[in-house]
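For reference, the structure discussed in these notes is given below.
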Amino acid sequence: MFKKYSNHIVLIVIAIFSFLSIWLSQPRNISQETQLTSGFKMQNAVAINRNISKEPHYVGSPNHEVVREYIISELETLGLLVETQTEPVLNEQNVYSSVTNVIARVPANSSAPSRDAVLLMSHYDSVPYQSFGAADAGSGVSVILEGIRTILQSKNERQNDIIILITDAEEIGLLGAKAFADKHRWMSDIKIVMNFEARGTAGPAFMFMETNQGNANLLDVFNQSQVQYPNSNSLAYSIYKLLPNDTDLTVFRRDHDIQGYNFAFIDNHFDYHTPRDNSDNLSLNSLAQQASYLVPILQELATTDLTQIRTDGDMVYFQLPFLRMISYPFSWAVPLSLISSLLFLGVVLVTVKKGLANPKKILSATLPFLKSIIMVLFICFVLLKFLYWLHPHYSEIMQEFTYNGYWYILFFCLVAFSTNYFLYSYAREKFNSSELMIAPILIWQIIILLFSFYLTGAHFFILLGLTGALILAIRVFFNRLSNYLVLLLVIPSIVLFVPLIVQLPVALGLSTLPFVGVLLVMILSVYLPVLFDKNSIEVNRFVFVFVPLAIYIFAETQASFNKDRPLPDSLYYFQDEQTQKSYFYTHDYKTD
């Protein structure tokens, strides 16, 4: 029976592990009554967050000072001596404001304290003019305040000081961070920064490092902290640099060569910088995950010799569920790529020598791969244009991510999968699996070699080249290959790349969906020729049409705007002082 229905089982297992790769990436079922293993009390953090986010509190608003005074009182309740720093600041973009930062210092309690310090940072201003700032960055402030209470109550030894900096005017140009970094007397003590941010109201919290030097020692501290729900890879910072915004940590790294960690969640990106960024929409799972980073990493840093954090060594790293962070030095990238390529070429030569692949057919078998890429790119591009034609108001969503965006991601991925499956099903009538596998693996070997030189943080994609070469070798040397064995070898790729594929459109916008489809095809093409057994009952091809269609129909039921999914609105006033002419601008597709 298992042999007869192996193709169906393969599809089900792929679906299960795809789901688990996302589901296991953060805490679940967190409530206000939850107390984390560190002693962090969610009830306290939620109460702080609600007090901070009662009203919009952008720079210059009446509630801006109210929030600042509340944060000061909370720090004083912890027994800390609090100071404020008020400075006029002009940044490189000629944005000017007077800022007031909130600062406190937790001294070391060891018998041999150092003067070095870890900086804990988030910002208390909300974006002008409508956001309540519960996530951005009330979540960071509340996690820091409750996290410090947890650290103080634990009475664990700390040889390093902890400086708490709640910055002002982050939203209008990182002005508070600039004021502290340029002028505060404690700057010389700070060796590392932990910055807490949000670019949405839910989802897994990611860690990405900012450093001008190597990341090896930062990664070592992160691993030693044994974070329960780590989410990170060495490609994350490269993707972050593509985003149109910096964080307060950027000021410290760029202007003062101080490195550190950013922690941020980005799901429900449609809530970002809108009135929906409120305490009701803030995910407690995401808040808890931020806390699960702060407490163990801060405890580790508090006992680390911070003068030894700097290093020139860079690491490629990635996370697999149930495993520690897997990492290796940048210097290994080129040798590993060459070894992988040579092993692959060796297997190909043996394949041809044994008569398991015809050289002419190997060349012809590149066509299904190229057709899949071109067709998926074209189909996804046309579908995306169709969606924006059908729903012109989507263009008014400044975050470029719609309320039903996750269903669109699933739909586009299924379209890419189905197209790839159909093309390879027909191709298997002309070519054997070895001939079909060689071209995709070869392309990945070339890409990985290029990554070694130009985008080393993405070198963990070598998993595709190595796994593909291993599957091909098993087929060549053992003359048989169960699709269950292939599935077992594919699972690491599923749990590694599915979250990345899902998060790319969330981070960069739905306009990236055609390219996400191409990436998925390039990954699938390594495995599709051997993943489904010819001798088993074929999965009904209507499944590959019906399921994407059903997902699309459901997505359309979520496309309309209502009270819970409000249509964004905008109106800007601009006056030219020279001509004394005034103008109104709007992002709206159609004015109200």
Pair list, Cβ < 6 Å and 6+ apart or interchain, from the range 504-517 residues that are without any contact (Cβ under 8 Å) to a residue 40 or more places away in the chain to residues that are of a type in the set (A, V, I, L, M, F, W, C): 512/504
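Look through 234, 286 and report the one residue that is buried (at least 22 other Cβ atoms within 10 Å of the Cβ), in a helix (DSSP H, G or I), touching a residue at least 12 places away in the same chain (Cβ under 8 Å) and within 21 Å of the chain's Cα centre (by Cα).
Working: 234 fails: in a helix (DSSP H, G or I).
One residue alone meets the criteria, 286.
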Limited to the range 219-275, what total is found for residues that are among the small types (Gly, Ala, Ser) and closer than 21 Å to residue 168 by Cα? 2
For the range 66-107, name all the residues that are closer than 18 Å to residue 144 by Cβ and in a loop (DSSP other than H, G, I, E, B). 78, 79, 80, 81, 107
Over the range 1-55, the set of residues in contact with a Phe, Trp or Tyr (Cβ under 6 Å, 6 or more places away or on another chain), over 21 Å from residue 150 (Cα atoms) and part of a helix (DSSP H, G or I) is 7
Criterion: within 26 Å of residue 200 (Cβ to Cβ) and at pLDDT 95 or above - qualifying residue of 338, 410, 370, 342: 410
All positions within the range 172-220 that are over 21 Å from residue 265 (Cα atoms) and of a type in the set (Ser, Thr, Tyr): 188
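Restricting attention to the range 289-320, report how many residues are part of a helix (DSSP H, G or I) and under 18 Å from the mean Cα position of the chain (by Cα). Explain how you work it out, then say what you get.
Step one: of the range 289-320, the residues part of a helix (DSSP H, G or I) are 289-302, 306-308.
Filter once more, keeping what is under 18 Å from the mean Cα position of the chain (by Cα): 289-294.
Count: 6.
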Boolean, residue 91 is surrounded by fewer than 23 Cβ atoms within 10 Å (Cβ to Cβ), in the same structural domain as residue 310 (by TED's automatic domain parsing) and either within 24 Å of residue 281 (Cα to Cα) or not charged (D, E, K, R) (or both): yes
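For every residue, the table says whether it meets (1) free of Cβ contacts under 8 Å to residues at least 24 places away in the same chain; (2) more than 16 Å from residue 303 (Cβ to Cβ); (3) surrounded by 22 or more Cβ atoms within 10 Å (Cβ to Cβ).
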{"position": "113", "(1), (2), (3)": "no, no, no"}
{"position": "119", "(1), (2), (3)": "no, yes, yes"}
{"position": "122", "(1), (2), (3)": "no, yes, yes"}
{"position": "128", "(1), (2), (3)": "no, yes, no"}
{"position": "132", "(1), (2), (3)": "no, yes, yes"}
{"position": "154", "(1), (2), (3)": "no, no, no"}
{"position": "158", "(1), (2), (3)": "no, no, yes"}
{"position": "167", "(1), (2), (3)": "no, yes, yes"}
Going by the structure shown, is residue 197 in a strand (DSSP E or B), within 25 Å of the chain's Cα centre (by Cα), acidic (Asp, Glu) and within 19 Å of residue 67 (Cβ to Cβ)? yes
Cβ pairs under 6 Å, 6+ apart or interchain, first in the range 375-396 and among the aromatic types (Phe, Trp, Tyr), second surrounded by fewer than 17 Cβ atoms within 10 Å (Cβ to Cβ), ordered by first then second residue, are 394/388
So, first residue within 15 Å of residue 102 (Cβ to Cβ) in the range 172-189, second residue surrounded by fewer than 24 Cβ atoms within 10 Å (Cβ to Cβ) and of a type in the set (Asp, Glu), Cβ within less than 8 Å, six or more apart or across chains; the pairs are 179/87
Specify which of the listed residues (37, 86, 100) is surrounded by fewer than 17 Cβ atoms within 10 Å (Cβ to Cβ), of a type in the set (S, T, N, Q) and assigned by TED's automatic domain parsing to the domain that holds residue 307. 86
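The values are calculated or read from the model by the stated rules, or taken from the named source; none is laboratory data. The structure displayed is predicted, hence computed values, not measured ones. Cβ atoms come from the backbone with ideal geometry, glycine included; neighbour counts cover every protein chain shown.
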